[in-house]
1. Using protein chains only and a probe of 1.4 angstrom, how many square angstrom of Glu301 are accessible, to the nearest 10?
2. What's the ranking of 320-329, 302-311, 101-110 by average number of surrounding C-beta atoms within 10 Å, highest first?
3. Which shape class, rounded, prolate or oblate, goes with the range 1-62 when its Cα gyration tensor gives a ≥ b ≥ c as root eigenvalues, a/c under 1.5 marks rounded, and past that a/b bigger than b/c marks prolate?
4. Please give the FRET efficiency for His49 paired with Arg170, using the beta carbon to beta carbon distance and R0 = 45 Å, rounded to the nearest 0.05.
5. Please give the charge dipole size of the range 64-189, origin at the Cα centre, charges +1 on K and R Cβ atoms and -1 on D and E Cβ atoms. Round to the nearest 20 debye.
6. Would you tally the net charge around Val72, using a Cβ to Cβ cut-off of less than 10 Å, leaving Val72 out, and scoring K and R as +1, D and E as -1?
7. Straight-line reach only, C-alpha to C-alpha below 21 angstrom: list the lysines that Lys17 could link to, leaving out same-chain residues fewer than 8 apart.
8. Under unit Cβ charges (Lys, Arg +1; Asp, Glu -1), what dipole magnitude, rounded to 20 debye, does the range 101-145 have relative to its Cα centre?
Amino acid sequence: MAQLQRLAINAAKISDKSIDLNAEQQHYLHRVLRLQTGDKFIAMDGRGHWWLAVLEAQETGLIASIIEEIPVDKELAVEVSLMAALPKGNGFDEVVRQATELGVASIVPVTSDRTLLKPSSQKVDRWKRIAAEAAEQSERQFVPSIFEPVSFDLAVKDCGQKYRYICVARGDNRHLWDCLMDLEPPQPPLVRGEPGLEPPQPPLVRGEPGLEPPQPPLVRGEPGLEPPQPPLVRGEPGLEPPQPPLVRGERGLEPPQPPLVRGEQEFDSAFVGAVPPCPPPGRELSIVIAIGPEGGWTEGEVKMAIEFGFEPVSLGSRILRAVTAPIVALSLVGTIFEKS
């Protein structure tokens, strides 16, 4: 599949068996990419889906027939939003292009106290096209969302991400790398017996050697009163209501044992040394990184961001340009959260 061309297509134009190509897409595939009838390419809907398609000719023009959907998993394990103050000139074009290549999920252009550019609607449309082209080139599953420019104060007030960072050029702030290292991407729960942790163990039962002080097995009645019986176990029919197997650390049965590990069916926060729970299953870890304009954020802007839950962070000891800082920040995110 690596040699096939990729084309981002509006999801509304994709049906179960065919893709409706507009005039611009037909021109691009046939005249620019030099694809002929019967040639294959990959269609992307920008929402996480890829399809293998073949180009076909009709009286009304070219269409594409879908052969099959292609399973793909190329996105970061973290959803990162870039809140970037608009630089002068056309610098934001490169910010959009390179941020898309680095895996950004959304870009929010903001105007700040030191912003000179006042973008038109044509600029926003251009940034969306650049994002789509960069997603095709870098084989992204998703085309990042490009929002309309908003004022900085409105952007920080409306921010919904849990982890929020504002990059400040000067000051004694923690490095963004250290902040990101404190986060952990969602992981499937560890299971007891996972390689490198401990060998698989059966459920604990009363009297199991080596797990609690050695005791004679519990038997029905004392010796001499009735014939010896097998040791009692939880859930034995006719003795007590069925119970789940005893687990390590169950209160009142044995001394506390090592904490439950990923994948354990029940999590008890009372375990000694228990790790904090990960983010809720099925929801991506999401962060937002705010990058300032030429000259940086004003003190008032930084103060406002802190009031709305942003942590001031550093990108290093050197002063970076407004078009360089977003790339450095997103590179750090990719280094930490990129899938191996």
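The values are calculated or read from the model by the stated rules, or taken from the named source; none is laboratory data. Just so you know, these numbers come straight off a predicted model, no measurement behind them. Counting neighbours? That spans all protein chains shown, and the Cβs are built from the backbone with ideal geometry, glycine included. We work out accessible area using only protein heavy atoms, side chains counted, and drop any ligands, DNA or RNA first. Shrake-Rupley method; radii C 1.70, N 1.55, O 1.52, S 1.80 Å.
1. About 10 Å², rounded to the nearest 10.
2. Values: 320-329: 20.0, 302-311: 16.0, 101-110: 21.7.
In decreasing order of mean packing, 320-329, 302-311, 101-110 become 101-110, 320-329, 302-311.
3. On the way: a/c = 1.57, a/b = 1.19, b/c = 1.33.
In terms of gyration-tensor shape, oblate.
4. Details: r = 44 Å, r/R0 = 0.99.
In this case the efficiency is close to 0.50.
5. Details: 15 positive and 20 negative charges, 143 e Å.
Using only the charged Cβ atoms, the result is roughly 680 debye.
6. On the way: positive: Lys74, Arg140; negative: Glu69, Asp73, Glu75, Glu139.
Taking every Cβ under 10 Å from that of Val72, the sum is -2.
7. Lys17 reaches Lys40.
8. Values: 7 positive and 6 negative charges, 55 e Å.
Dipole size: approximately 260 debye.
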